[in-house]
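**Student:** My questions will all concern the structure given below.
The values are calculated or read from the model by the stated rules, or taken from the named source; none is laboratory data. Only a predicted model underlies this, so the values are computations on that prediction, with no experimental measurement involved. All Cβ positions, glycine included, derive from the backbone under ideal geometry; neighbour counts span all protein chains shown.
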Amino acid sequence: MAIDPVPLPVAAPAPAPDASGRRIRVVLSKVGLDGHDRGVRVIAQALRDAGMEVIYAGLRRTPEDIARIVVEEDADVLGLSILSGAVVPLTRRVQEALRAHQVDDVVLVVGGIVPEPARAELTAMGVEGVFTPGSPLSAIVTFIRASVPAQRRYGGSDSEASA
């Protein structure tokens, strides 16, 4: 008796690089003392499989570390993975560090254990996407692709980008 193979899900083809030849660049990091990174590693692989360039900054990063890495890597997206109850204050500190580095054009997403009241607060703070355990990987990929503008600014002012 033959057993029919179960079809595996096929990832959507990776989008072509933009006119500059660059793929969407995503920095993922754990902030604070949280040492659990299995989930963020799964997200990193899913984004790579979707054709994005992923820089995993690792565990126990400070907000200043993260802002510096975002600038150095010229990231389009910053994804924070936070499993502690301090998701709002930690995210706020990262946003402050980004502002101190004059970063205002990065899509900020947060994933992890995020209670409903914290989701509303994060949204009010300007976090563009909040994903909790069980969020479909395809939803995260689709959200990032839709959120990164087609014409992005790279490393400098608007006048430099348009030159």
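**Student:** I'm trying to understand the selection: among the residues of the range 72-86, which are under 14 Å from the mean Cα position of the chain (by Cα) and not charged (D, E, K, R)?
**Tutor:** Initial filter on the range 72-86 (under 14 Å from the mean Cα position of the chain (by Cα)): 73-82.
Within the range 72-86, ALA75, VAL77, LEU78, GLY79, LEU80, SER81, ILE82 meet the criteria.
**Student:** Which residues, taken from the range 134-147, are outside any helix (DSSP H, G or I) and modelled with pLDDT of 95 or more?
**Tutor:** SER135, PRO136
**Student:** Can ALA86 be described as farther than 18 Å from ARG25 by Cα and either without any contact (Cβ under 8 Å) to a residue 40 or more places away in the chain or of a type in the set (A, V, I, L, M) (or both)?
**Tutor:** Numbers: farther than 18 Å from ARG25 by Cα: yes; either without any contact (Cβ under 8 Å) to a residue 40 or more places away in the chain or of a type in the set (A, V, I, L, M) (or both): yes.
So ALA86 fits the description; yes.
Conditions (1) hydrophobic (A, V, I, L, M, F, W, C); (2) buried (at least 17 other Cβ atoms within 10 Å of the Cβ); (3) under 13 Å from VAL127 (Cα atoms), marked per residue:
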| residue | (1), (2), (3) |
| --- | --- |
| VAL54 | yes, yes, no |
| THR62 | no, no, no |
| VAL70 | yes, yes, no |
| GLU73 | no, no, no |
| VAL77 | yes, yes, yes |
| VAL88 | yes, yes, yes |
| THR91 | no, yes, yes |
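**Student:** Among the residues of the range 89-114 satisfying the criterion of being without any contact (Cβ under 8 Å) to a residue 24 or more places away in the chain and not in a helix (DSSP H, G or I), which is farthest from PRO133 (Cα to Cα)?
**Tutor:** Filtering the range 89-114 for residues without any contact (Cβ under 8 Å) to a residue 24 or more places away in the chain gives 89, 99, 102, 104.
Remaining after also requiring not in a helix (DSSP H, G or I): 102, 104.
Values: GLN102: 31, ASP104: 27 Å.
Selected residue: GLN102.
**Student:** Kindly establish whether VAL106 is within 18 Å of MET52 (Cβ to Cβ) and crowded, with 20+ Cβ neighbours inside 10 Å. Full working, then the answer.
**Tutor:** Details: within 18 Å of MET52 (Cβ to Cβ): yes; crowded, with 20+ Cβ neighbours inside 10 Å: yes.
Spelling it out, VAL106 is indeed within 18 Å of MET52 (Cβ to Cβ) and crowded, with 20+ Cβ neighbours inside 10 Å.
**Student:** Which one of these is within 13 Å of the chain's Cα centre (by Cα) and either more than 17 Å from LEU137 (Cα to Cα) or polar (S, T, N, Q) (or both): ALA44, ALA57? Working first, answer last.
**Tutor:** Working: ALA44 fails: either more than 17 Å from LEU137 (Cα to Cα) or polar (S, T, N, Q) (or both).
Sole residue among the options that is within 13 Å of the chain's Cα centre (by Cα) and either more than 17 Å from LEU137 (Cα to Cα) or polar (S, T, N, Q) (or both): ALA57.
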